[in-house]
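The structure appears below as structure tokens.
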Amino acid sequence: MRFEFVILEWSAYADGLTHRDDWLRWAKGFPQLPRSTVETVPALAEMPAMMRRRVDRLGRLACQVAYWCQSPAAAPMVFASRYGDATRSLALLGDLVRNEPLSPAGFGLSVHNAVSALYSIAQGHTDNTVVVAGGRASAAAALTEAAALLADGAPEVLVVFYEAPLPGHYAEFEDDAACEYAWAWRVARPGQGGPTALALELSMDETGGAANSDTAAWPAGLAVLRHMLQAAALPQADAPAALVRHDRAGAQWTWSAHHA
């Protein structure tokens, strides 16, 4: 499997990294994960107050980067997260253990598509929206879904990826470096976006060798984001070496970013 697309616009949010210049400096520097939790959660002023009060901290990160990256034209969206809002789910399980009644609103907001639904309602978005969870390969799964939508005729796709450390009793199942972050990309088919656009090619094959990056132990979402931003920060002739990752047993993902 192999496909390519261009990135028309991007945004991202993590602790101490909110502006584009912050992220580009981070990508050019020594590989270092952001702090595991965000100290200042975005205000999400773009969303109406009555809707905003229902969005938890991880949802605020996801919705904020989506607002920053939203296309002026209607387009499909792909939201992706390995675990989603595990904090709400764990709280509901605690209520069950204590024989307490479950909150219908709490349950509704705990499902994996809740964040995308709140954002869609606030935006009046009625186009196709897909919500993806693919384990450690969730970032690749999200972009594969976006590539399929583009191949099906969509002019562009908004991809929103977001993660947070597992809470409480779930934390023992964490197998990635825990980090709270979100990013959004507007992607389109190759040949769009002009000479300043970035192109990203993704291929998947059977496992053929070792991962080749200082970020091999990072969550895939952050490693791929850094790889893309390195290409954005470097001169056009100096594309970074391909990023090779093994985020699913028996599969090798190869990411190649360069100026379009």
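With label points built 7 Å along Cα→Cβ from the Cα atoms of Asp238 and Asp22, find their separation and express it in nm.
If labels sit at Asp238 and Asp22, their model points lie 2.5 nm apart.
For a paramagnetic label modelled at 7 Å from the Cα of Ala151 toward its Cβ, which residues of region 171-191 fall within the zone defined by backbone nitrogen distances under 14 Å?
189-190
For the chain, restrict the atom set to alpha-carbon positions and state the Rg and Dmax in Å.
18.0, 62
Quick one: angle between helix 138-151 and the longest Cα principal axis of the chain, in degrees between 0 and 90, rounded to 10, please.
Between helix and principal axis, roughly 70 degrees.
Counting only the heavy atoms of the protein chains, how much of Asp247 is accessible to a 1.4 Å probe, in Å² to the nearest 10?
The accessible area comes out at roughly 20 Å².
Can you pull the accessible area of Trp23 for me, 1.4 Å probe, Å² to the nearest 10?
Accessible area, nearest 10 Å²: 0 Å².
By the scheme Lys and Arg +1, Asp and Glu -1, what is the net charge of all other residues having a beta-carbon under 12 Å from that of Arg88?
-1
Working from Cα positions, state the angle (0 to 90°, nearest 10) between the long axis of helix 86-97 and the longest principal axis of the chain.
Tilt of helix 86-97: around 30 degrees.
Probe of 1.4 angstrom, ligands and nucleic acids ignored: what's the accessible area per residue over the chain, in square angstrom?
Counting only protein heavy atoms, the per-residue value for the chain is 46 Å².
Based on DSSP H runs of at least 4 residues, each adding -39500 (n - 2.57), what is the mean residue ellipticity at 222 nm of the chain after dividing by all its residues, to the nearest 500 deg cm²/dmol?
Calculated from helices alone, the mean residue ellipticity at 222 nm is -9500 deg cm²/dmol.
Once the Cα atoms of helix 220-233 and of the chain are each reduced to a long axis, what angle between those two axes, in degrees from 0 to 90 to the nearest 10, is obtained?
Computed tilt is about 40 degrees.
Please give the residues of region 121-138, grouped as numeric ranges, whose backbone N is less than 19 Å from a label point set 7 Å along the Cα-to-Cβ vector of Arg53.
Zone members listed by number: 121-123.
Under 8 Å for C-alpha pairs, at least 6 residues apart: give me the relative contact order for the chain, rounded to a whole percent.
It rounds to 29 percent for the chain.
Assign one of three labels to region 75-142, namely rounded, prolate or oblate, based on the Cα gyration tensor with a ≥ b ≥ c the square roots of its eigenvalues; rounded applies when a/c is under 1.5, prolate when it is not and a/b is larger than b/c, and oblate otherwise.
oblate
Let me have the relative contact order for region 1-111, percent, based on Cα pairs under 8 Å that are six or more residues apart.
Worked out over region 1-111, it gives 21 percent.
I'd like the accessible area for Val131, computed on protein heavy atoms only with a 1.4 Å probe and all protein chains in place. Round to 10 Å², please.
For Val131, the solvent-accessible surface is approximately 50 Å².
Apply the a/c threshold of 1.5 to the C-alpha gyration tensor of region 99-177 and tell me whether it is rounded, prolate or oblate.
It is oblate, given that a/c is not under 1.5 and a/b is not larger than b/c.
For region 136-246, rounded, prolate or oblate, judged on the Cα gyration tensor with a ≥ b ≥ c (square roots of eigenvalues), a/c < 1.5 rounded, else prolate if a/b > b/c?
Verdict is prolate for region 136-246.
Testing the spin-label approximation: label points 7 Å from Cα along Cα→Cβ at Thr37 and Ile121. State their distance in nm.
2.7
Evaluate the distance, in nm, between pseudo-label points positioned 7 Å from the Cα of Thr254 and of Asp205 along their respective Cα→Cβ axes.
0.4
The values are calculated or read from the model by the stated rules, or taken from the named source; none is laboratory data. Keep in mind that this is a model prediction, so the values were computed, not measured. Quick reminder, even Gly has a Cβ in these numbers, built from the backbone with ideal geometry, and neighbours come from all protein chains shown. Side chains are part of the model used for accessible areas, which takes the heavy atoms of the whole protein and leaves out ligands, DNA and RNA. Shrake-Rupley method; radii C 1.70, N 1.55, O 1.52, S 1.80 Å.
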